[in-house]
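Accompanying notes for the structure given below.
The values are calculated or read from the model by the stated rules, or taken from the named source; none is laboratory data. Because the structure is predicted, anything quoted here is derived from the model rather than measured. Using ideal geometry, Cβ is built from the backbone for each residue, glycine included, and neighbour counts are taken over all protein chains shown.
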Amino acid sequence: MMKNLMDEKITSKKLFDDRRKFFKLGAATIVANSAVMELMAKEYIPVPSLHYKKATNKNSLELNTFEQITSYNNFYEFTTNKKGVKPLAQNMQTKGWTITIDGLVDHPLTISVDDLIKKYGLEERIYRFRCVEGWAMVVPWVGFELQKLIADASPKKEAKYVKFTAKYDPKIFPDQSRGILATIDYPYVEGLRMDEAMNPLTLLAVGLYGKSLENQNGAPIRLVVPWKYGFKSIKSIDRITFVKEQPLNTWQKENPDEYGFYANVNPHVDHPRWSQKKERVLGHFFKQRTHMFNGYEKEVASMYKNMDLKKNF
Ligand SMILES: Nc1nc2c(c(=O)[nH]1)N[C@H]1C(S)=C(S)[C@@H](COP(=O)(O)O)O[C@H]1N2
Ligand SMILES: [Mo]
């Protein structure tokens with residue numbers, strides 16, 4: 001009886017996609033106890049709503065759950081409380097959102113996210129993600145390569161960097177409405193060197209787990225730069241500007257002794273207040289070692305071969 005009830009719940013609500021894992025628990029544990037409920041909640045996989053090319057996961061990375069990725073967030077425009085972002089972000093409206101591409105380009109443009117998706121198509125990218133604070137996760141993003149958009153914008157020769165500006169709207173973001181009492185200076189700004197922006201790993205993400213981005217993860221469009229600390233992956237982008245000089249990114253501006261422009265994941269360069277040798281994957285008890293360039297050394301190390309990574313942190 002209980003087993004049937006559970007089966008019913010599982011299939012009808014799509015609470016549990018991977019039934020093999022469930023049965024690994026053994027029949028004896030198939031009762032509605034909290035451990036089973038927790039597993040089911042963790043294994044919740046949303047119904048895909050985007051059309052995209054699936055990733056092969058060639059590195060066999062173990063995905064974090066949808067629940068983990070969407071319930072523990074850094075998004076200061078809402079709050080500095082990581083578990084508080086999700087509830088505060090629920091009312092944010094992103095319908096009709098446009099981004100503007102300007103600065104040193106031949107083809108400046110304002111375009112809706114819907115049109116960007118139509119223009120470039122979508123693919124899944126399963127990437128490690130490492131926050132400078134020491135937590136990490138693996139996310140199945142859905143998006144397109146930033147280099148496609150850059151090629152169409154056709155930057156002028158003088159353009160050496162790409163500056164990203166997040167949305168500024170105190171009506172949406174409670175921390176922006178606090179004026180001079182705000183936690184950081186808004187709008188949130190990030191930047192990449194042109195070769196970093198053109199790297200095939202650099203993604204503009206519009207979804208994860210096959211579904212449009214949740215607001216708390218930076219809807220409707222955010223940057224993902226998997227070999228850099230998470231703060232480079234700016235959320236809810238409003239403007240992409242091609243510039244001559246290295247942009248002053250938000251965290252470098254807030255605290256230049258602790259956060260630089262490059263922010264490449266590097267176990268050999270510690271944060272002034274903590275070691276970067278290890279990281280804790282969300283949902284894991286034990287820490288694991290941090291990888292050089294977050295595991296993307298092969299793809300990105302050549303861009304930094306003549307640079308002192310301790311100085312250019
Ligand atoms: N606009 C904006 N983008 C942002 C942030 C932010 O506060 N505001 N936080 C950054 C930091 S520190 C991290 S670790 C990641 C977190 O992304 P996630 O919540 O999707 O895991 O977003 C980055 N992008
Ligand atoms: Mo972060």
Notebook entry, point to check: Between residues in the stretch 103-117 that are in a strand (DSSP E or B) and residues that are of a type in the set (K, R), which pairs lie under 8 Å by C-beta distance while being six or more apart or on different chains?
Noted result: G103/K163; V105/K156; I111/K119
Note to self: Given the options N91, N64, N57, name the one that is assigned by TED's automatic domain parsing to the domain that holds D175, of a type outside the set (V, I, T), under 17 Å from the mean Cα position of the chain (by Cα) and part of a loop (DSSP other than H, G, I, E, B).
What the structure shows: N64
Check: Quick one: in the stretch 93-102, which of the residues that are over 25 Å from Y161 (Cα atoms) and touching a residue at least 60 places away in the same chain (Cβ under 8 Å) is surrounded by the most Cβ atoms within 10 Å (Cβ to Cβ)?
Finding: T94
Checklist line | Complete set of residues in the stretch 111-146 that are away from ligand 1 (no atom under 16 Å from the Cβ), surrounded by fewer than 18 Cβ atoms within 10 Å (Cβ to Cβ) and not basic (K, R) | finding: I111, S112, D114, D115, Y120, G121, E123
Margin query: If I150 satisfies all but one of (1) surrounded by 15 or more Cβ atoms within 10 Å (Cβ to Cβ); (2) away from ligand 1 (no atom under 16 Å from the Cβ); (3) over 26 Å from D114 (Cβ atoms), what's the number of the condition it fails?
Written below: (3)
Notebook entry, point to check: Just checking, which of F293, F285 is more than 14 Å from ligand 1 (Cβ to nearest atom) and surrounded by 14 or more Cβ atoms within 10 Å (Cβ to Cβ)?
Noted result: F293
Note to self: Cβ contacts < 6 Å: first residue closer than 17 Å to I184 by Cα, restricted to the stretch 222-239; second residue basic (K, R) and near ligand 1 (Cβ under 8 Å from one of its atoms), any location; separation 6+ or different chain. Result?
What the structure shows: K235/R222; S236/K167
Notebook entry, point to check: Quick check, is V300 surrounded by 17 or more Cβ atoms within 10 Å (Cβ to Cβ), closer than 16 Å to K228 by Cβ and of a type in the set (A, V, I, L, M)?
Noted result: yes
Notebook entry, point to check: Would you say L203 is more than 9 Å from ligand 1 (Cβ to nearest atom), in contact (Cβ under 8 Å) with a residue 12 or more places away in the chain and within 23 Å of E62 (Cα to Cα)?
Noted result: yes
Next item on the list: Return the total of residues in the stretch 200-214 being among the polar types (S, T, N, Q) and out of contact with any helix residue (DSSP H, G or I) (no Cβ under 7 Å at 6 or more places or on another chain).
Entry: 1
